Amino acid sequence: MKMTKLKFYLVHFFLIFFFSSNTVFSASFNFPSSLTTNTSDFVLLSETGTTPSVSGFSTDVLITIRATAGFVKITTVSGLEQINGYCGYTADSSSEPSNCADDNRSEIGFEGTQSEVNAALATLSFKGDGSTSSVSITASATPTGAAYNSENGHYYRAVSATDIRWDDARAAAKSEAQKFNGLTGYLVNITTAQENDFVANKVSVNAWTGGSDSGTERVWRWMDGPEADQTYTCQKFGTGGTGEESPINGVVCTEQSYLNWDFGEPNQFNGTQEDYMHVYGTGVRKGSWNDYTINNTNVDAYIIEYGGMGGTATVQGTATISITSTEASDSTYTAFDDKELVGIVEGQSEGSKRFIYNSTNAVLERIEWHRTTKKNDNIKFKDIGISIDLKENTYPYAKLLDSYLLRGNIEKKHIISEKNIEKFVNELPLSNYLKNEFGLLPQEWKIWSSGYFKKGKIKARVNKKKEDFDSNALTIGMDKIIDENKLVGFALRKEYEKNDIGKSGTEIKSHSTSITAYSSTYQSHSFFIDGLVGYGRISNSLIRIEEANTSNSLTGKRDINQFFGSIKFNKLTNKDKFTSLLFGRGDFGFSILEGFTESGNIQALKFEEQMLQNRSISIGSLLKYKKKINRGHFLPYGRLEFFENFSPHSTVKAAYVSSPDTKYNHIIKEKYDNSIKLEIGFDLNLIDSWYISTSLRRLYRNTGNFENELAIKASKPF
């Protein structure tokens, strides 16, 4: 019996009324799906970010919780009631089950109102056994009135009935009056050791079961339920003292794998017709089987089993959490088994390298544009920039000053003077910044700007999620020609990038700033060298979704400091309307990813500082065609570039905040040695100062992976 008699009859009456009314309720179990942590001491399951709870119950709720290894407990038992067979209790009682707070139980059970059991579930904790790393905890929530076996999903209920005959018990078990939780019952069939132990410990009465050999003597069958008419015991015996076995009335009989007959049973005691099986529920024979006559008065109860016969339970909730005990002796676990984690740490490294490349490329392309347009003197229009020269009095400057100073009123005649040019230049935001911070005089420098939008993909690979990233950036620079053939300058770049890792919601949002100093020097009429050095800083906002529990979100912020440089050797050839460029390039960079700690729950990690280097060389060629159009020049081009990667590996080190002594390492390995970049695009250089460039680039890597990039740059004087 699962309850006191008064409570049993009240609930019994309610269930008959409830299910006969065809009213259907729904129940749910809110439960975390995974937990990975050091479980050498008890850990609250709610620390996963999900607090266990049930909903949908209007009656008292029976909660059972079982761990495949280790120990479970609750620490709040207020208002709960003791359940037979759980937490060491041998009978139902209205007393609070304080034993369920013990530290050495692998299975606990209790009942109470929905609010009472939810208060208890909020304190549900687990502790590992020190040797088993992979554990499952299964919890069930059902209406009170029957014991729920989470192993097979069946319910069991003992019904007291003094001197009841076996055939009457069989009929009662299948009756409408004995339905439970929307399911029709039958006398219990016991087919496994686990089921037998469950019946003996949770039901604990001497009671009729569903087995009988009344059809064919010595051939025992289950009479009802999903095993109806299946044989489970074959009573063969020897003939003529030879020990040989004879058929049982010509019937082929196959025994089930599990039997638990008491010693010498079944035995037709004293020649009586003992054709009906019962199970002992108390004493030294508890759980053993015996055969009795149909009306044996020693049996005053029967056990009903529900399940396996179709139908849908109207109120039921079950849930399972997978626990990885990182400290267990058989554990091979590493935090970086999580692909989402691998994705976000490698995504930060790849994003750092990508930002260095983008910052470097923007400047080198500006120099390249200057050289391939054959403007070796002070540039009038470059990359949609402006050139300020007090000795010039040409149309572009006059138009620009009219637009700025006269606000487009072309009827007013304005004479260019040193005074109004200085006013124009000094009011530029970047000019003020350069003068105040560096003492540079804008009148002597060319100001240019460049912006672009970019999208890219990195395919998924083994133990790595795919990545989709998109970014936009603005670069503003100033440079000038000195010593006739030398260009010097510097650029300020702002970039925003969003990188989506996989499909669960893991993402990196980056705000980046870099400043670069650069120069370009002609060594001869057609050979020149470009060089740059720079510093960058990235601020990453991180969201990591735990792979095993996608409802678990962890956040963090990480700053990155970068130092980088590049040198490029160029050979320029001009012939008619074609310009060709052969080049070789070397790039290097050094990034320091600062240590940081995630926020969230027990799965949060603390990362140590990480050092990241990138080194590569490349060779390539550019072919550009110049065609004059009404408003300027149209310059389609193609580029082919081959890269050889020499970047060393980088090691990421992290530990769970809840277990700081256990360190986990992940080596970020460069997955490719070389790659080829193909690029096609065009430049549009318009006389009214717009400069537009569009290109499509594809990067092929020797791993078979590739990246696509669509770049759109637009510049205009300001």
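The values are calculated or read from the model by the stated rules, or taken from the named source; none is laboratory data. Owing to the predicted nature of the structure, the values given are computational and were not obtained by experimental measurement. Cβ placement follows ideal geometry from the backbone for every residue including glycine, while neighbour counts extend to all protein chains displayed. For the accessible areas, the whole protein counts, side chains as well, though only heavy atoms, and no ligand, DNA or RNA atoms are used. Shrake-Rupley method; radii C 1.70, N 1.55, O 1.52, S 1.80 Å.
Would you point out which residue out of Thr326, Thr334, Thr360 is touching a helix residue (DSSP H, G or I) at 6+ places or on another chain (Cβ under 9 Å) and of a type outside the set (Asp, Glu)?
Within the list Thr326, Thr334, Thr360, the selection yields Thr326.
Of all residues in region 42-77, how many are more than 26 Å from the chain's Cα centre (by Cα), surrounded by fewer than 18 Cβ atoms within 10 Å (Cβ to Cβ) and not hydroxyl-bearing (Ser, Thr, Tyr)?
Residues that pass the stated criteria total 1.
From Gly308, Gly351, grab the single residue that is among the small types (Gly, Ala, Ser) and in a loop (DSSP other than H, G, I, E, B).
Gly308
Could you list all residues from region 641-685 that are open to solvent by 80 Å² or more (accessible area, probe 1.4 Å), in a strand (DSSP E or B) and farther than 22 Å from Leu710 by Cα?
Within region 641-685, Lys653, Asp661, Lys663, Asn665, Ile667 meet the criteria.
Any idea which residue in region 611-627 is most open to solvent (accessible area, probe 1.4 Å), counting only those that are aliphatic (A, V, I, L, M) and under 19 Å from Glu679 (Cβ atoms)?
Of everything passing the filter in region 611-627, Ile619 is most open to solvent (accessible area, probe 1.4 Å).
Out of Phe569, Phe563, report the one residue that is under 20 Å from Gln348 (Cα atoms), open to solvent by 60 Å² or more (accessible area, probe 1.4 Å), modelled with pLDDT of 95 or more and aromatic (Phe, Trp, Tyr).
Answer to the check: Phe563.
Out of all the residues in region 94-142, which are among the hydroxyl-bearing types (Ser, Thr, Tyr), under 25 Å from the mean Cα position of the chain (by Cα) and under 10 Å from Phe71 (Cα atoms)?
Selection gives Ser125 alone.
Is there a residue in region 178-189 that is open to solvent by 10 Å² or more (accessible area, probe 1.4 Å) and in a helix (DSSP H, G or I)?
Yes, that holds for at least one residue.
Anything in region 567-626 that is of a type outside the set (D, E, K, R) and outside any strand (DSSP E or B)? List them, or say none.
Gly595, Gly600, Asn601, Ile602, Gln603, Ala604
Got a number for residues in region 293-340 being open to solvent by 60 Å² or more (accessible area, probe 1.4 Å), among the β-branched types (Val, Ile, Thr) and under 25 Å from Asp275 (Cα atoms)?
1
Taking region 522-553, which residues are under 40 Å from the mean Cα position of the chain (by Cα) and in a loop (DSSP other than H, G, I, E, B)?
Glu546, Glu547, Ala548, Asn549, Thr550, Ser551, Asn552
From the list Ala141, Ala69, Ala146, Ala122, exactly one residue is under 30 Å from Asn298 (Cα atoms) and in contact (Cβ under 8 Å) with a residue 60 or more places away in the chain. Which is it?
Sole residue among the options that is under 30 Å from Asn298 (Cα atoms) and in contact (Cβ under 8 Å) with a residue 60 or more places away in the chain: Ala146.
Looking only at residues in region 468-489 that are surrounded by fewer than 19 Cβ atoms within 10 Å (Cβ to Cβ) and acidic (Asp, Glu), which one is nearest to Ile515 (Cα to Cα)?
Only one residue tops the list, namely Asp470.
Is it true that some residue in region 89-103 is among the hydrophobic types (A, V, I, L, M, F, W, C), modelled with pLDDT under 95 and open to solvent by 30 Å² or more (accessible area, probe 1.4 Å)?
Yes, because at least one residue in region 89-103 is among the hydrophobic types (A, V, I, L, M, F, W, C), modelled with pLDDT under 95 and open to solvent by 30 Å² or more (accessible area, probe 1.4 Å).
Let me spell it out: the conditions are (1) farther than 20 Å from Gly153 by Cα; (2) touching a strand residue (DSSP E or B) at 6+ places or on another chain (Cβ under 8 Å); (3) part of a loop (DSSP other than H, G, I, E, B), and Cys100 meets all of them except one. Which number is the exception?
So the condition that Cys100 fails would be (3).
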